[in-house]
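Asker: Before we start, here is the structure in question, set down as structure tokens.
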Amino acid sequence: MDQGQCQTKANEGMHSLAWGRSFAVLVAIGTILLSMLAFYLLKKKKIAEKESTEGASSPSFISPIPTEIGNISPIPTEIGIDQYDVFLSFRGSDTRQEFTDHLYENLSDERAVRMGVFRDEDSLTIGENFGSQILDAITRSKISIPIISENYASSKWCLRELICMMDCKKSMAHIVLPIFYKVAPSDVRRLKGNFGRAFHSAKKHFDEKDVKEGQRALEAVSYLSGWESNKFANRYEGKLVKEVVKVVRSKLGNDFRCSVTKYLVGIDHHVNKIKNRVDMLAPDAQIIGIYGMGGIGKTTLAKVIYNKLFNDFKHRSYLLDIRERAHRDGIPSLQNELIKDILPNEREVSTVDRGISLFRSRFKGKKVLIFLDDIDHKKQLDALAGEQNWFMTGSIIIVTTRNKAVLDQSEFKVDCQYELDGMDEKDSLLLFKRHAFRVDHSPKNFEDISREIISTMGGLPLALEIVGSYLFRETEQDVWKDVLKQLKERPDGEVQRILKISYDALEDGHKQIFLDIACFVIGEDIKFAMYMWEDCGFYPSKGLKELKLRCLIKVRGDGYFSMHDQLRDFGRSIFCQGQPPERCLKLWVDQISFNARPLIQGCPSTYTSEQFKNLPSSRFLQLCWKALSGDFNKPFSELRWLRWFYIEPNMSSSVINLHLYNLVVLELSRNKLTEDWEGWNSIMAAKRLKVLNLSYSQDLRCTPDLSTFTELKVLILKECCKLEQIHPSIRKVKSLVSMDLRFCGSLKELPEEVGELQELKELNLDYAGITKIPMSIRSLRKLEKVSAWSCCSLVEIPISIGDVQNLQYLNIGKSAIEELPNTIGRLKNLQELNLTSCDLKGNIPREIGDLSSLETLLVTGTPISHLPKSIRNLSSLQRLDLEDCKELQSLPELPSGLTCLQVSSPIPRLPQLSCLIYLEELCLSGCNQLEYIPELPSRFLKLCIDSCPKLILPKLDGFMGELSIKHIHSIKIMDLSQLNRLKRLEIGYCENLVKIQGQGKLEFLETIYVYSCKSIERLILPKLQCLKRLSAHSCNKLVEIRGLDEAELLEALDISYCESIERLPDLPCPKELNINGCCNLRGVESLERFLYCRSIYIKGCQSLGKLPNLSKFEHLEKFILINSGVTEILGFEESRSLNQIEIVGCTAIETLPDLSGCKKLESLVVRDCKKLIQLRGLEMLNLRYLEISGCGSLEMQHHGIPCDPDPPDRDVYGRIILR
């Protein structure tokens, strides 16, 4: 506004404030205010003009855009983890609206459930310093992608971002993947061309420091492996985006956490309550059981807990929507997912019992974190996490269920059960606003109606999310009033009526896609469904975008559909409520788990064409163990997806006119068909077929004639155990993109005709019986991935492999290959080469040094004696794995870009390491001849040394964040004084270690594990203000731990099997205390100060005769005392938080405190306390689990509890046995 308008506005404001005041005073005040305002506006204008001349002083993010309803500060993003997966840096005016937006959407879509991407308005918090936010986001990201365009270097904020990225690459485990967008790396390096001119014209406005460091960063990034858009796939940006997404996914590997909505509200309260109930130092595996009604937020809460525990576990896995998937795919398929994540080298199982047997034998040595979502039956939990003794100590299993009985009846005792209730009004309103307005505050004229709307939803997060998303961008109050009226008029079926409002607003095509997903496509490959919808003319890309915007569906990170179970059941109920036959979308022939009205009555083994006559528009048909009979001239005319499992050869003998002209996806899995089956003739008519799945065809020896499938893209022949031949007609399937031949043990060779599959990108031969790969592979110009893992008969790779110029991934691990062809050096795009456990007789050819894009080289378990000197030329190599290379005699000079080196061999020396400026991790194991480690890079992060008997530990300094030393007997004194950035310390089996010094300077140290160090007598640990966890195990001579009085953040103290220790250290109150097997422990006086302790576990402390009074332990939730010499326990009488008591084998105890005041006590176990004569207050408790046994002196009838293991008037599980 101009100055006159400002004066008018100011005067109006002053009149409203001038009641009873002097007009002259107001004029004076107004003059002053106007002067200040004018000065501010003038200054702002000058700043804006200056920034415009600088050309890009603004950062490369997009400022938050006002909503259509009001310009309100957006909410901070929350994704349930402490860091981002990807940070995008770009010059807004160059790429924001096209390439960057395209890349961002694809990154978010492809990993919608797991990937967190930092960019612009989605990630920035208004009201904070944007510079600090951006640089902080880079440091908290795993991968940075600078999109270096023509004007990138003309922005000082782009330069600062790039400087920060390159610094993080040096000092942290940070990956930088540059995209040179319409510029050449050489121009970036030398500041030439248009790129250089833009930089030089803008640098006069930059700080000298930014210019100098920016030039260094530009030069460094120009040498990194990345992408040049001008050279990529004929400059098709869509292909470049897909390639970037694929590489990012491979870089992140299995390091994905569960995705959590950024609109989290009120979650911390529940997380803290559960965390307080979990004993992180418990001697057994534990289950966290979360139960409650559907839509209440159980899965979201469990995901957040899983993410918070994620970094504490090496082995982790999560299974979502088990209730649905168990019924649809069977429990073995879920067991196989756990196997894939935790036991990746194990084969899949075919039965539940085999899965249980495998878990019972193989999980014991692994500390695991597993999340099992939506279990609804005991047998599911029994099959996936049946017993505590399956898992290693410290393992945690998170379970969500609607059925509390699943937890109560589990063989795996569930100590931590948590009921989740609806959200309160405050949190409900906040969550609703975050979806309806995308901000924390609503315009005033929408505040009251927002409160009215949320009052109808009972605090259900799912309902709040759906309705809020529906009303997003609706600016007319009349629309809001209509929604409120609908919610009030239909009080029954609370969640269903809410979902119906959002469903009714969809276009017809989008409704059909939604119902397809709810009824059939959950858990299916998105590609298969897209083929079908595209063939039907549904424009699925637009439909899926709309459904995701309305929070009605999700796409999992592995490319499969998922949907909240409430939405799934809602969609199925919509379908079953009187859809007219001509609009019928799916045919359920076999009843699934939900209560759907069967469209064909009865369950006969044979279906006739008459039973299908009213279903002409069906797009899906699933048959299991069913035969067809009759004339099918019309019923399947619109069928697009046929899944027919367990077919016997005679099941279609009485079928005529089985017309499948429009079929797009055909799955004939788990059958006994042969190549002579009569039904192939009907299949051949499906000329538009995109997917053919014949997996588990037990008797198939040769594939059928495939010549009619000219549009086929995916061919799956997995576990066709008798398959010996691929029909030569394969050459006519020019469109084939993916071929899966895993576990085809009888298949000895591929036909030469495979070389004619010009579109083939992926060839999977894992565990197949092939002996060679055909020479014709040279013609597969688009082939990107070849996996032949564990092909035990594969003895050679053809020399023609060098002509497969686009190959990026080659896995021939555990094969019989004895040598690599010299032509392998021509694979300029190869990024990963896996030679694990190959029987390589000679050395790796020197031509491997020509693999300019190679990032990962795995040579574990091979008998090679040397690596070629040319390996130093691998400019992109980041990971080199030489574990268990028992014949390896020496290492040559290594490439300077290496970030991770793992060696286990008898080499006597290592090459120079100080020049490996990006090296972050060095792991040496079983290097029996190695005597010293050369100087390490200054920004080195992680050192692991195990079983290197001659090694003299080097001087430890620099930026190291993690140190693990095991089985090094030469160490007597370990000096850590120079490791001032150390966060994690592990020392084990160092039998001669007597002293650890320098701990006083470890101000960032968070975790200490010291175990089986039999000579150490004292741990002096001063000034460890960040210490969270201390564990000392099996240190026989350890008598003292002191100096922890400043460890105010200590959460867990674990002292086990330290036989000489006599008293607990003085320290601030830990939340968890675990004392186990300390047979001489007598003094626990310091326990009196642990007033905030939540869990006390004491076992095997026979010399411990007395505990302090526990009456002041107001936060204590779990108390376990086992096989200890304690004679008396005092202070339980008024415990308000105690949830679990377990007293076992304490033979000196005669009485226990009156428990009647322990109102929250749910579990009580008293076992083998032979002198116990008195147990009071049980009649006042509402126990969930009660076990009293082996207490021969105790007479229960005198204490208010009958000798009935299951009293009829209360829900108690357990036993009462008096001997």
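Asker: Taking segment 632-646 as the search range and keeping residues that are modelled with pLDDT under 80 and buried (at least 20 other Cβ atoms within 10 Å of the Cβ), which one is nearest to D676 (Cα to Cα)?
Answerer: Checked segment 632-646; the qualifying residue nearest to D676 (Cα to Cα) is F632.
Asker: With the requirement that a residue be polar (S, T, N, Q) and crowded, with 18+ Cβ neighbours inside 10 Å, what does segment 877-902 give you?
Answerer: Our first condition is that a residue be polar (S, T, N, Q); within segment 877-902, this holds for 878, 889-890, 896, 899, 902.
Within segment 877-902, Q878, T899, Q902 qualify.
Asker: If I filter segment 986-995 for residues that are on the phi < 0 side of the Ramachandran plot, modelled with pLDDT under 85 and not small (G, A, S), do I get at least one hit? Write out each step before concluding.
Answerer: Step one: list which residues in segment 986-995 are on the phi < 0 side of the Ramachandran plot, which gives 986-988, 990-995.
Checking the rest, the ones that are also modelled with pLDDT under 85 come to none.
Checked segment 986-995: no residue is on the phi < 0 side of the Ramachandran plot, modelled with pLDDT under 85 and not small (G, A, S).
Asker: Being more than 13 Å from S222 (Cβ to Cβ) and either among the hydrophobic types (A, V, I, L, M, F, W, C) or at pLDDT 85 or above (or both) is the filter here, so list the residues in segment 168-191 that pass it.
Answerer: Answer for segment 168-191, where residues must be more than 13 Å from S222 (Cβ to Cβ) and either among the hydrophobic types (A, V, I, L, M, F, W, C) or at pLDDT 85 or above (or both): C168, M172, A173, I175, L177, Y181, K182.
Asker: Mind checking which residues of segment 152-176 are within 16 Å of V211 (Cβ to Cβ) and out of contact with any strand residue (DSSP E or B) (no Cβ under 8 Å at 6 or more places or on another chain)?
Answerer: Applying the first criterion (within 16 Å of V211 (Cβ to Cβ)) to segment 152-176 yields 152-164, 166.
If the condition is that a residue be within 16 Å of V211 (Cβ to Cβ) and out of contact with any strand residue (DSSP E or B) (no Cβ under 8 Å at 6 or more places or on another chain), then A153, S154, S155, K156, W157, L159, R160, I163, C164 are the ones that fit.
Asker: Return yes or no: is R981 surrounded by 16 or more Cβ atoms within 10 Å (Cβ to Cβ) and under 17 Å from L1064 (Cβ atoms)? Write out each step before concluding.
Answerer: Working: surrounded by 16 or more Cβ atoms within 10 Å (Cβ to Cβ): yes; under 17 Å from L1064 (Cβ atoms): no.
In short, no.
Asker: To continue, here is another question. Could you grab me the full set of residues in segment 394-422 that are assigned to a strand (DSSP E or B) and not acidic (D, E)?
Answerer: Within segment 394-422, I396, I397, I398, V399, T400, T401, C416, Q417, Y418 meet the criteria.
Asker: Out of all the residues in segment 1176-1190, is one or more under 21 Å from L1107 (Cα atoms), touching a Lys or Arg at 6+ places or on another chain (Cβ under 9 Å) and outside any loop (DSSP other than H, G, I, E, B)?
Answerer: Scanning segment 1176-1190 turns up no residue that is under 21 Å from L1107 (Cα atoms), touching a Lys or Arg at 6+ places or on another chain (Cβ under 9 Å) and outside any loop (DSSP other than H, G, I, E, B).
Asker: For segment 925-940, name all the residues that are within 37 Å of the chain's Cα centre (by Cα) and of a type in the set (A, V, I, L, M, F, W, C).
Answerer: Selection gives C927, I933, L936, F940.
Asker: Looking at segment 353-368, I want the residues that are assigned by TED's automatic domain parsing to the domain that holds I288 and have a partner that is among the β-branched types (V, I, T) and part of a loop (DSSP other than H, G, I, E, B) with Cβ atoms under 8 Å, at least 6 apart or on another chain. Which pairs are those?
Answerer: From residues that are assigned by TED's automatic domain parsing to the domain that holds I288, the pairs are G355/V349; L358/V349; K367/T393.
Asker: How about segment 1035-1061: which of its residues are part of a loop (DSSP other than H, G, I, E, B), modelled with pLDDT of 90 or more and either closer than 20 Å to L1005 by Cβ or not aromatic (F, W, Y) (or both)?
Answerer: Scanning segment 1035-1061 gives C1035, N1036, K1037, L1038, V1039, C1058, E1059, S1060, I1061.
Asker: Among the residues of segment 183-193, is there at least one that is more than 23 Å from G897 (Cβ to Cβ), in a helix (DSSP H, G or I) and not assigned by TED's automatic domain parsing to the domain that holds L941?
Answerer: The answer is yes, given that some residue of segment 183-193 is more than 23 Å from G897 (Cβ to Cβ), in a helix (DSSP H, G or I) and not assigned by TED's automatic domain parsing to the domain that holds L941.
Asker: When you look at L840, is it farther than 20 Å from G926 by Cα and in contact with a strand residue (DSSP E or B) (Cβ under 6 Å, 6 or more places away or on another chain), yes or no?
Answerer: no
Asker: Sticking with this structure for a sec: Kindly indicate the residue of segment 232-266 that is at pLDDT 75 or above and charged (D, E, K, R) and also surrounded by the fewest Cβ atoms within 10 Å (Cβ to Cβ) among those meeting that condition.
Answerer: Going through the qualifying residues, I end up with K239.
Asker: Mind checking which residues of segment 194-239 are within 29 Å of L830 (Cα to Cα), assigned to a helix (DSSP H, G or I) and in contact with a helix residue (DSSP H, G or I) (Cβ under 7 Å, 6 or more places away or on another chain)?
Answerer: Result: A217, L218, E219, A220, V221, S222, S229, A233, R235, E237, K239.
Asker: Give R451, R434 a once-over and let me know the one that is out of contact with any His (no Cβ under 8 Å at 6 or more places or on another chain) and in contact (Cβ under 8 Å) with a residue 40 or more places away in the chain.
Answerer: Working: R451 fails: in contact (Cβ under 8 Å) with a residue 40 or more places away in the chain.
Only one candidate passes the filter, namely R434.
Asker: Pick from K314, K308, K340, K303: which is surrounded by fewer than 21 Cβ atoms within 10 Å (Cβ to Cβ), touching a residue at least 40 places away in the same chain (Cβ under 8 Å) and of a type outside the set (S, T, N, Q)?
Answerer: K314
Asker: For segment 972-1017: of the residues being among the polar types (S, T, N, Q) and assigned to a loop (DSSP other than H, G, I, E, B), which is nearest to the chain's Cα centre (by Cα)? Step through it out loud before you land on a result.
Answerer: First, pick out the residues of segment 972-1017 that are among the polar types (S, T, N, Q): 977-978, 980, 992, 997, 999, 1007, 1012, 1015.
Retained after the next criterion (residues that are assigned to a loop (DSSP other than H, G, I, E, B)): 977-978, 980, 992, 1012, 1015.
Numbers: S977: 36, Q978: 35, N980: 31, N992: 41, S1012: 34, S1015: 41 Å.
Among residues in segment 972-1017 that are among the polar types (S, T, N, Q) and assigned to a loop (DSSP other than H, G, I, E, B), the one nearest to the chain's Cα centre (by Cα) is N980.
Asker: Just the residues that are assigned to a loop (DSSP other than H, G, I, E, B) and surrounded by fewer than 17 Cβ atoms within 10 Å (Cβ to Cβ), please, taken from segment 944-956.
Answerer: Within segment 944-956, S947, P949, K950, I952, P954, K955 qualify.
Asker: Within segment 268-287, can one find any residue that is more than 26 Å from D408 (Cβ to Cβ) and either in contact with an Asp or Glu (Cβ under 8 Å, 6 or more places away or on another chain) or free of Cβ contacts under 8 Å to residues at least 12 places away in the same chain (or both)?
Answerer: Yes, there is a match, as at least one residue in segment 268-287 is more than 26 Å from D408 (Cβ to Cβ) and either in contact with an Asp or Glu (Cβ under 8 Å, 6 or more places away or on another chain) or free of Cβ contacts under 8 Å to residues at least 12 places away in the same chain (or both).
Asker: Could you pull out the residue among R826, R778 that is of a type in the set (K, R) and either over 18 Å from P868 (Cβ atoms) or assigned by TED's automatic domain parsing to the domain that holds L177 (or both)?
Answerer: R778
The values are calculated or read from the model by the stated rules, or taken from the named source; none is laboratory data. Note that the structure is predicted; figures quoted are calculated from it, not measured. As a convention, Cβ positions derive from the backbone with ideal geometry for all residues, glycine included, and neighbour counts pool all protein chains shown.
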